[in-house]
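Chemist: Please see the structure below; I have some questions.
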Amino acid sequence: MSNVRVVDHPLVQHKLTLMRDKTVSTKGFRQLMNEIGMLLCYEVTRELPLELVEVETPIAKTMKPTIAGKKLVFAPILRAGVGFLEGMLNLVPSARVAHIGIYRDPNTLKAVEYYFKAPADIADRLVIVMDPMLATANSAVAAIDQLKGRGVKDLRFVCLLAAPEGVAHLTKSHPDVQIWTAAIDERLNDHGYIVPGLGDAGDRMFGTK
Ligand code: PRP
Ligand code: URA
């Protein structure tokens with residue numbers, strides 16, 4: 001699993017454990033998702049390329065680093081991926097956003113695509129795809145297929161929880177895409193839910209169950 005980075009920072013692990021608790025309120029779950037989104041953003045952007053620019057301090061002119069290249073794109077998979085967005089935008093306020101509407105059919109577990117809206121020049125940018133749950137990976141694979149179909153070459157995937165089955169599927173389908181996750185759980189159950197997991201992320205975040 002060399003293309004998977006497990007973010008084992010104590011703050012991330014602590015907040016993830018709080019989110020797993022089925023008694024956490026909708027408000028608390030959403031807040032924690034936001035906070036973890038920020039922490040994961042810090043990790044996924046760790047190796048962005050830098051370039052030197054001239055800056056004049058009150059004392060002297062100097063050459064110092066800034067992030068090189070075009071503004072990056074955050075691509076949340078609707079709905080649950082939106083939970084990461086605010087936290088990530090807090091750290092990278094100038095990022096562009098691509099919304100990718102996909103849900104998985106509860107019977108077949110196949111990805112159903114219903115919406116796509118992205119910056120016109122997305123092919124020239126680094127795209128960070130985000131979705132808290134990587135279960136079968138059907139949704140992530142479909143989202144990345146769509147992005148690559150529009151010419152995107154530089155992609156990363158960020159999630160909160162992954163199943164080993166999902167990591168294997170995404171890695172096989174898109175070996176060039178690095179994955180960041182806070183944990184890899186045990187397995188999927190017969191309904192395609194991550195075990196022990198945290199349940200349905202979208203429902204818990206938006207209070208729809
Ligand atoms: C959840 C989750 C992922 C997907 C993961 O979305 O947010 O998008 O399931 O499962 P997969 O890896 O097996 O595809 P869901 O389909 O429940 O839609 P929602 O976010 O609109 O609730
Ligand atoms: N989607 C979720 O929200 N949770 C899971 O465990 C699997 C898919």
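Just so it is clear, none of the values below were taken in a lab; they were calculated from the coordinates. These figures come from a predicted structure and were not determined experimentally. Cβ coordinates were reconstructed from backbone atoms using ideal geometry, including for glycine residues, and neighbour counts include every protein chain displayed.
Chemist: Would you point out which residue out of ALA163, ALA182, ALA201, ALA118 is touching a residue at least 12 places away in the same chain (Cβ under 8 Å), more than 22 Å from VAL12 (Cβ to Cβ) and not acidic (Asp, Glu)? Working first, answer last.
Modeler: On the way: ALA163 fails: more than 22 Å from VAL12 (Cβ to Cβ); ALA182 fails: more than 22 Å from VAL12 (Cβ to Cβ); ALA201 fails: more than 22 Å from VAL12 (Cβ to Cβ).
Testing whether each residue is touching a residue at least 12 places away in the same chain (Cβ under 8 Å), more than 22 Å from VAL12 (Cβ to Cβ) and not acidic (Asp, Glu) leaves just ALA118.
Chemist: Return yes when ALA80 is touching a residue at least 12 places away in the same chain (Cβ under 8 Å) and assigned to a loop (DSSP other than H, G, I, E, B) and no when it is not.
Modeler: Values: touching a residue at least 12 places away in the same chain (Cβ under 8 Å): yes; assigned to a loop (DSSP other than H, G, I, E, B): yes.
The answer is yes for ALA80.
Chemist: Between a first residue in segment 87-105 that is under 12 Å from PRO119 (Cβ atoms) and within 16 Å of ligand 1 (Cβ to nearest atom) and a second residue that is of a type in the set (Phe, Trp, Tyr) and in a strand (DSSP E or B), which pairs have beta carbons less than 8 Å apart while being 6 or more apart in sequence or on different chains?
Modeler: That search, which allows pairs on different chains as well, returns ALA98/PHE74; ALA98/PHE116; HIS99/TYR115; HIS99/PHE116.
Chemist: For the list (1) within 16 Å of ligand 2 (Cβ to nearest atom); (2) over 23 Å from ARG46 (Cβ atoms); (3) in contact with a helix residue (DSSP H, G or I) (Cβ under 9 Å, 6 or more places away or on another chain); (4) in a strand (DSSP E or B), I need the number of the one condition that GLY101 fails.
Modeler: Here GLY101 clears every test but (3).
Chemist: Another question about this same structure. Do you know which of the residues in segment 177-209 that are aliphatic (A, V, I, L, M) and within 10 Å of ligand 1 (Cβ to nearest atom) is nearest to the chain's Cα centre (by Cα)? Steps first, answer last, please.
Modeler: To start, the set of residues in segment 177-209 that are aliphatic (A, V, I, L, M) comprises 177, 179, 182-184, 188, 194-195, 198, 201, 205.
Within this subset, residues satisfying the condition of being within 10 Å of ligand 1 (Cβ to nearest atom) are 188, 194, 201, 205.
Numbers: LEU188: 20, ILE194: 17, ALA201: 13, MET205: 15 Å.
Ranking the candidates gives ALA201 first.
Chemist: While we're looking at this one, here's another question. LEU126 fails exactly one of the following numbered conditions: (1) among the hydrophobic types (A, V, I, L, M, F, W, C); (2) over 19 Å from MET19 (Cβ atoms); (3) in contact with an Asp or Glu (Cβ under 7 Å, 6 or more places away or on another chain); (4) within 11 Å of ligand 2 (Cβ to nearest atom). What is the number of that condition?
Modeler: (4)
Chemist: Looking at segment 107-118, which of its residues are more than 8 Å from ligand 1 (Cβ to nearest atom), surrounded by fewer than 17 Cβ atoms within 10 Å (Cβ to Cβ) and not in a strand (DSSP E or B)?
Modeler: Within segment 107-118, ASN107, THR108, LYS110 meet the criteria.
Chemist: I've got another one for you. Of everything in segment 169-194, what is assigned to a helix (DSSP H, G or I) and under 10 Å from VAL4 (Cα atoms)? Give them in sequence order. Reasoning before the result, please.
Modeler: Here is the first cut: in segment 169-194, the residues assigned to a helix (DSSP H, G or I) are 169-173.
Selection gives THR171 alone.
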